[in-house]
Amino acid sequence: MVRTDVVVIGAGQAGLAAAYGLRRAGLEPGAGFVVLDGEDGPGGAWRHRWPTLRVDTTHRINDLPGLPFAPTDPSRPAAEVVPAYFDEYERTFDLQVHRPVRVTAVRDAAPDLLVETGSGTWTTRALINATGTWTHPFRPRYPGQERFLGRQLHPAEYRGPAEFAGLRVVVVGGGTSAVQLLMEIAGVAAATTWVTRRPPHFHEGPFDEDAGRAAVARVEERVRAGLPPQSVVGVTGLMLTPQVRAAQESGVLHRLPMFERITPDGVAWADGSTVAADVILWATGWRAALGHLTPLRLRGPGGGIAVDGTRVRADPRIHLVGYGPSASTIGANRAGRAAAREVVALLREPLSA
């Protein structure tokens, strides 16, 4: 069993921002804090983005604190450029990330916490959880799903449009990923159909800092009330870029309401209409990856974990970053640094307090 003051779980944007804050506060890697990451290398979820997602076609990629993100070629795949940036960041600030270390459970051993992993157990006074959502893709259930004869997949498994050449594809979901993938696939597929639960909302103009703050505030209201968080990207709407406008005009982004059931060879609506499909792409988002925190019983009656800022209301030793309002690059940096400040203040309190 290894002793440290703070354990940070996850080395994505939020986790690295938190580790940077701890380093700036004077904590040293090892006895002061450790960063545990389940990936084989730097980059967090960016390591798994589809190859056709370029830096210049993503939602904004924010700088990590203390080191500007300045790619020389924004047309390169984000899955290459961002992990390289994260790698440079870890080395620049000597964060000494432990990987691959997969956390299996966190348990209460008051006044400490026990962080159990496949590589041993850490005992710590405080925990900053930054596990994000990428490892927990959400796939809804619909009648007839198990009898579908084609392929079903999630964007977490998407590797580019070439594998859909000549196929009939139904894309389910109203977020940015659904739109981006639909536009890619439409160029090679025999036919595409776009299905969403609610009518999509497109907005003109740039997604600026004011819009970002407003989106974060809406999600923050829910997590403060102990409700399951919405995606920050989900509440921002869809940017009406020239490419999106062209896809609308060509009919690619013609949206249909959600189907009622899945048939062996496609999908069907309550009015009897059907669409044949070889593939259903469930671009239906992700959920917070918090299964390892289950032993702590942090979830409330609303189904979520109530937090004030990043601090778990039921247990001030624990902070959640990359959760709710910080589950995107919009809020991750701010949340990571805020969690670090509060944790450092907690460490200065007497153990009997």
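The values are calculated or read from the model by the stated rules, or taken from the named source; none is laboratory data. Bear in mind the structure is a predicted one, so any value in this text is a computation, not a measurement. With ideal geometry, Cβ positions are generated from the backbone for all residues, glycine too; neighbour counts draw on all protein chains shown.
For this structure, a couple of remarks:
- Of the candidates 297, 255, 311, 261, the single residue that is among the basic types (Lys, Arg), modelled with pLDDT of 90 or more and touching a His at 6+ places or on another chain (Cβ under 6 Å) is 311.
- Beta carbons closer than 6 Å, at least 6 apart along the sequence or on distinct chains, pair a first residue in the stretch 90-117 that is in a strand (DSSP E or B) with a second that is small (Gly, Ala, Ser) for 116/105.
- Count - residues of the stretch 1-30 that are in a loop (DSSP other than H, G, I, E, B) and surrounded by fewer than 24 Cβ atoms within 10 Å (Cβ to Cβ): 6
- Lone unmet requirement of (1) within 30 Å of residue 301 (Cβ to Cβ); (2) modelled with pLDDT of 65 or more; (3) surrounded by 14 or more Cβ atoms within 10 Å (Cβ to Cβ) for residue 198: (3)
- Test: residue in the stretch 55-63 that is over 30 Å from residue 186 (Cα atoms), among the charged types (D, E, K, R) and under 20 Å from the mean Cα position of the chain (by Cα): yes
- Any hit, the stretch 324-334, residues being outside any loop (DSSP other than H, G, I, E, B) and more than 30 Å from residue 196 (Cα to Cα): yes
- Residue 72 farther than 22 Å from residue 21 by Cα, assigned by TED's automatic domain parsing to the domain that holds residue 15, of a type in the set (Ser, Thr, Tyr) and free of Cβ contacts under 8 Å to residues at least 24 places away in the same chain: yes
- In the stretch 288-303, the residues that are assigned to a loop (DSSP other than H, G, I, E, B) and over 21 Å from residue 18 (Cβ atoms): 297, 299, 300, 301, 302, 303
- A single entry from 45, 109 fulfils the requirement of being hydrophobic (A, V, I, L, M, F, W, C) and under 22 Å from the mean Cα position of the chain (by Cα): 45.
- Any chance residue 164 is surrounded by 15 or more Cβ atoms within 10 Å (Cβ to Cβ), closer than 21 Å to residue 197 by Cα and over 21 Å from the mean Cα position of the chain (by Cα): no
- Residue 286 being crowded, with 16+ Cβ neighbours inside 10 Å and either at pLDDT 95 or above or in contact with a helix residue (DSSP H, G or I) (Cβ under 6 Å, 6 or more places away or on another chain) (or both): no
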